[in-house]
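Laboratory data are not the source of any read-out in this text; all were calculated from the coordinates shown. Bear in mind that the values here come from a model prediction, so they are computed numbers and not experimental data. Cβ placement follows ideal geometry from the backbone for every residue including glycine, while neighbour counts extend to all protein chains displayed.
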Amino acid sequence: MSSKTETQLLNRSVLISGAGSAGQSVGYWLRRYGFEPTVVERSPGPRKGGFAIDLRGAAVEVADRMGILEACRKAAVNMREIRRYNAEGEVIWQTDGNFGAGEGVAGDVEVLRDDLTDMLQESACEGVEYIFGDSIKSIAQDEDGVDVTFAHGAPRRFDLVIGADGLHSKVRELAFGPADQFKRPLGLYAGIFTIPNTLKLDRQWLMRQMPGKMISNIDYGPGKHTRGLLVFSSPPLDFDRGDLEAQKAILAKAFDGDTTWGVQTLLDGLRISTDLYFDEVTQIHMPRWSNGRVALIGDAASAPTLLTGQGTSLAVVEAYVLAGELKAADGDYQIAFARYEEQARPYAEQNQRILTDCPEMSVPATKEEVDRREERFRLLKDGSNAVDDDDSAGSFIQSAANAIRLKDYEKL
Ligand SMILES: Cc1cc2nc3c(=O)[nH]c(=O)nc-3n(C[C@H](O)[C@H](O)[C@H](O)COP(=O)(O)OP(=O)(O)OC[C@H]3O[C@@H](n4cnc5c(N)ncnc54)[C@H](O)[C@@H]3O)c2cc1C
């Protein structure tokens, strides 16, 4: 492993906003290359919650280079069965849990988001300064650095700032302007939350699509969680991101009175859940990913939405490329940020196109569309790869997941 000496590297102190997969990964790589990263995270610890997430293609290679691939494979969720239901509670299609694995539909490695968060933190924490429970309030850059003020802590000066603070990035707002100009909302909202395993599932994923809606009840097995997913279409909603009960109420209202299969079990679970992750489903498209000494990665720069299953892969790959280019340019951020974007942007954009190019990945808008999809699944034999025909979602996802050639920055 090589790291530049203190005298060779410019711009060593780097503030990273957000300790998600993007922030933790870039912190890890910067430290490994001899920089001095500080991660500031709004939550009191790494933010938990969510389903199993997928690592695919180039992201698997990055996890390997980080030394966490084996641990990811060990912790990988080992699903037994996937079932699709209709409104009457009939199973219209089922397959084993590895549906499409290696073909791009399932991840090459599928690991609980919580487990990945822990693994990333363990590998990143040595030598990376963490500040939990705080967030950036203002940034002011000049020729030599960036002055940063925080909501709680004392002001500090850094050489560079990286926004890895997700869909509603504060760094993006401060350096590039209001979020609305960068959002491409799908007109959907999604809630993911831990529920009791009342259906006595064992590593099973039960799902259903309805007009403008989608639900899932997923059990990841003993010692892991059972989680619910509710997705619904809606015009833009105004809600308090800090108010869990208000978010629960929005979800409950969207499904109010629905007695068709599966809904009430999830609403009962939602009522007592304490870890709801609720958000709009939107992509982020930016005309550029850096502004002076500030750069963006992960969802903050190029969110593809949870419907693609590619958010975490994009985050770890973008983190790898950004840190690697900073190393290769000896910390010259102007060179590094330009090269980072040159390589990572086509990859991110191809992954974002998964949704527009593969309608199968989206939520059906009308009853006719739901009926068509159900009919199509009904005609398939159990276990057939329903979305992997002609314009197969599987092959499209896999080619997007591999649409970048990773440099070996250790050698540069
Ligand atoms: C709780 C949660 C659950 C999720 N569940 C799923 C899922 O089931 N499936 C899926 O495909 N995707 C899920 N996602 C999104 C997924 O994690 C990302 O698409 C992907 O991992 C890219 O990660 P990221 O680090 O760019 O963004 P994120 O994972 O969103 O991480 C951003 C981090 O920045 C922190 N942050 C935000 N604002 C500030 C601020 N102002 N100051 C400091 N810190 C800040 C957040 O607390 C968070 O830790 C979830 C995200 C979260 C936060």
Subject >> Helical mean residue ellipticity (222 nm; -39500 (n - 2.57) per DSSP H run of 4+; nearest 500) of the chain >> reply: -10500 deg cm²/dmol
Original post:
Given the C-alpha centroids of segment 26-53 and segment 172-210, what is the distance between them in whole angstrom?
Top reply: 21 Å
**OP:** Take each of the peptides 67-74, 196-203, 266-273, average the number of other beta-carbon atoms within 10 Å over its residues, and list them starting from the highest.
**Re:** 266-273, 67-74, 196-203
**OP:** Give 48/137; 213/248; 170/327; 327/411 a once-over and call out the pairs whose C-alpha atoms are over 20 Å from each other.
**Re:** 48/137; 170/327
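How long are the semi-axes of the ellipsoid equivalent to segment 206-286, from square roots of 5 times the Cα gyration tensor eigenvalues, in whole Å, largest first?
21, 16, 15
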Original post:
How large is log10 I(q)/I(0) at q = 0.06, 0.11, 0.13, 0.14 Å⁻¹ when the Debye formula is applied to the Cα atoms of the chain, each weighted equally and without solvent?
Top reply: -0.24, -0.80, -1.11, -1.27
Original post:
From Cα coordinates alone, what are the radius of gyration and Dmax values for segment 1-70 in angstrom?
Top reply: 14.1, 44
Original post:
What is the Rg over Rh value, at two decimals, for segment 209-356, using alpha-carbon atoms and the Kirkwood definition of Rh?
Top reply: 1.08
**OP:** Write down the Kirkwood hydrodynamic radius of segment 308-376, to one decimal in angstroms, obtained as one divided by the mean of 1/r over all alpha carbon pairs.
**Re:** 14.3 Å
Subject >> Fraction of alpha-carbon pairs over 12 Å apart in segment 240-288 - percent >> reply: 68 percent
**OP:** Report, in whole Å, the centroid distance computed from the Cα atoms of segment 278-300 and segment 103-166.
**Re:** 14 Å
**OP:** Please list the equivalent ellipsoid semi-axes of segment 137-289, computed as the square roots of five times the alpha-carbon gyration tensor eigenvalues, in descending order and whole angstrom.
**Re:** 37, 18, 14
**OP:** Using a Gaussian network model of the chain whose springs link C-alpha atoms within less than 10 Å, name the residue from 301, 328, 140 with the highest mean-square fluctuation.
**Re:** 140
